[in-house]
Amino acid sequence: MNPDRFSLNQMTVRQLALPDLVRECVRLGVPGVGLWREPVREYGVEAAAALVRDAGLAVTTLCRGGFFTSDGWEAENRAAIDEAVALGTDTLVLVSGGLTPAFPDLPAARARITEAIGALAPYAGERGVRLAIEPLHPMYASDRCAVSTLDQALEIAEHFPASQVGVTVDTYHLWWDDRAPAAVQRAGAAGRVHSFQLADWTTPLPAGVLNGRGQLGTGAIDLAAWADLVEKAGYTGPVEVELFNDALWARGGAEVLEETLEAFLAV
């Protein structure tokens with residue numbers, strides 16, 4: 001895969017402080033990073049923006065907005081949009097939220113998610129930020145994301161202009177769904193693929209399942225086929241590698257970054 005399209009999601013090497021992450025990316029010629037709000041806020045949004053900008057790195061996405069079924073979602077997401085603007089990225093990834101006492105079933109949760117995105121889309125669009133709905137694997141439907149398939153994400157996104165709302169295609173969450181390739185084509189034709197993320201699926205999953213995203217090439221997903229599919233759908237933007245993995249986090253961050261870049265190039 002073209003190294004010029006490689007982006008390292010910050011969570012892959014969360015053990016690296018932001019200045020160390022930036023330094024290692026520059027050393028290895030990594031052109032882009034996907035940043036997370038929590039460590040960016042800890043460092044300071046304006047300071048983080050200056051650090052990344054001065055290093056010549058592109059911020060490919062900001063993770064994450066969403067959790068629309070929880071209290072306080074509107075103020076929190078407006079703040080996330082403003083942070084994306086400050087960091088110089090045009091894409092805010094959304095993890096939409098799961099079931100809550102106020103939204104105790106999937107239809108109710110998805111209706112709230114659609115309503116909330118409708119309230120945010122004009123605000124984001126006015127600021128040049130696209131909202132990228134990320135469907136998560138169904139095992140997260142109850143607690144993290146009631147949007148489980150790319151078709152479901154598109155059904156929400158298609159209520160709004162493509163310049164405001166699209167989708168994130170993440171191999172870890174979508175590889176199992178035999179309807180997903182057609183949905184990728186549908187999203188690409190409409191200009192709604194706003195982010196593309198890679199991770200592999202390894203088994204057995206760890207306890208809690210959240211941190212089971214495998215290093216590229218170590219699991220069951222045909223990552224090269226997915227990359228080809230997304231490119232043929234018209235997406236030519238950055239390709240983020242986003243790994244949640246305790247074993248990787250226990251190692252040196254610089255070593256993991258190098259390994260991840262090598263694995264990306266081998267896809």
With every protein chain in place, the accessible area of His194 for a 1.4 Å probe, in Å² rounded to the nearest 10, comes to 10
In whole angstrom, the spacing between the Cα centers of the stretch 123-151 and the stretch 189-246 equals 15
Taking only the alpha carbons of the chain, what extent do you get along each of the three principal axes, in Å, biggest first?
46, 40, 37
In deg cm²/dmol, rounded to 500, what helix-only [θ] at 222 nm does the chain give when every DSSP H run of at least 4 residues adds -39500 (n - 2.57) and the total is split over its residues?
-13000 deg cm²/dmol
What accessible area, in Å² to the nearest ten, does a 1.4 Å probe give for Thr236?
100
Can you give me the three principal axis dimensions of the stretch 39-154 from its C-alpha atoms, in Å, biggest first?
46, 26, 26
Compactness of the stretch 86-153 as Cα Rg over 2.2 N^0.38 Å, two decimals:
1.16
Charges only on Cβ, +1 for Lys and Arg, -1 for Asp and Glu: so what's the dipole of the chain about the Cα centre, in debye to the nearest 20?
240
Expressed in whole Å with the largest first, what are the equivalent ellipsoid semi-axes of the stretch 137-267 derived from the C-alpha gyration tensor as the square root of 5 times each eigenvalue?
26, 18, 13
Can you give me the solvent accessible area of Trp36 with a 1.4 Å probe, rounded to the nearest 10 Å²?
10
Calculated FRET efficiency, Ala17 and Glu262, Cβ-Cβ r, R0 30 Å, to nearest 0.05?
0.85
Heavy-atom SASA rank of Arg41, Arg78 (probe 1.4 Å, accessible area, largest first):
Arg41, Arg78
Size of the stretch 211-259 along its principal axes in angstrom, Cα-based, largest extent first?
37, 22, 16
Among the helices of the chain (complete DSSP H runs), which have Cα atoms covering no less than 18 Å along the helix axis and a Kyte-Doolittle mean of at least -0.5?
73-87, 106-126, 253-266
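The values are calculated or read from the model by the stated rules, or taken from the named source; none is laboratory data. It should be emphasised that the depicted structure is a prediction, and the values quoted were computed from it without experimental measurement. Every residue, glycine among them, receives a Cβ derived from its backbone with ideal geometry; neighbour counts consider all protein chains shown. The accessibility values were calculated without ligands, DNA or RNA, using every heavy atom of the protein model including side chains. Shrake-Rupley method; radii C 1.70, N 1.55, O 1.52, S 1.80 Å.
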